[in-house]
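Inspection log for the structure reproduced underneath, given as structure tokens.
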């Protein structure tokens, strides 16, 4: 399905760490072989985002060979003196093509006056050309990423001739109170399959495996304090 506000971009970096956030507190960390929906959504939100809309990640295309590199990391310990050595296993030399679109956040009727599709679309493409409004990270702060425009499907990818690869049970993303239940944070899971280098993501509401994480209030936005309407933005 094609969307009038669909965007395509390329993201690349020396390292990436795509993990299940529910199990990444302390200890060893090992990256998934492919980026999660949540990680790609986070990249787009660093490029351009407002609470008026929600980014929907449609597809990701893996351009380079999946390879890993392990590093010894000394994480900060808060409950004892000194620190321990942990092994983090990163993806190395990554490059992806991403296709996505945005939809209005129906949970935010208070921001309805900000729903100017043309201007949001134009600004998002402009921010991709500029490399994003904020720093881009590939799953973790120590993994710097870079974005630039591309045509999805253009150029050769290393998995173009690989019919199918399944990746088993995997974290999909979070459903925040702003986008779902206004009182609860949920985690979603799914079973991704890559076909000829492309992974087509299911929509968040199509994830059949959902777990409640905690009760959490919807964030409030006030014009002039922590929110500005698109008409006030410099285009």
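Expressed in nm to one decimal, what extension gain is obtained for the pair residue 106 and residue 184 from 0.36 nm per residue of sequence separation less their Cα-Cα distance?
On the way: separation 78, 0.36 × 78 = 28.08 nm, distance 1.64 nm.
In short, 26.4 nm is gained.
Ranked from highest to lowest mean number of other Cβ atoms within 10 Å per residue, what is the order of the peptides 145-153, 185-193?
Per-residue mean Cβ counts within 10 Å order the peptides as 185-193, 145-153.
Determine the gain in length on full extension of the stretch residue 113-residue 59; use 0.36 nm per residue of separation and subtract their C-alpha separation, reporting nm with one decimal.
Gain on stretching residue 113 to residue 59: 16.5 nm.
When only Cα pairs under 8 Å and 6 or more residues apart are kept, what is the percent relative contact order across region 117-235? Mind dumping the intermediate values first?
On the way: 150 pairs, mean separation 24.6, N = 119.
Dividing the mean separation by the residue count of region 117-235 yields 21 percent.
Give me the percent of DSSP beta bridges within the chain that run antiparallel, rounded to the nearest 5.
The answer is about 95 percent antiparallel.
At residue 167 and residue 45, where each label point lies 7 Å from the Cα along Cα→Cβ, what is the point-to-point distance in nanometres?
Spacing of the two 7 Å Cα→Cβ label points: 1.9 nm.
Report, please, the projected area of region 145-184 averaged over directions, based on the convex hull of its C-alpha atoms, in nm².
Approximately 5.8 nm², given one-decimal rounding.
With Cα extents along the principal axes in Å as the read-out, I listed (1) 57, 44, 23; (2) 56, 38, 27; (3) 50, 49, 35; which label goes with the value calculated from this structure?
Correct label, based on the coordinates given: (3).
Any idea what % of Cα-Cα pairs in region 6-69 are farther than 15 Å?
Here the tail beyond 15 Å accounts for 58 percent of pairs.
Once region 139-235 is represented by equal point scatterers at the alpha-carbon sites, with solvent omitted, what log10 I(q)/I(0) does the Debye formula produce at q = 0.15 Å⁻¹?
Log-scaled intensity ratios, in q order: -0.97.
We did not get these values from a lab; they are worked out from the coordinates using the rules stated. Computed from a prediction, not measured in an experiment: that's the story for all the values here. Because the Cβ atoms are built from the backbone with ideal geometry, glycine has one as well, and the counts that use them run over all protein chains shown.
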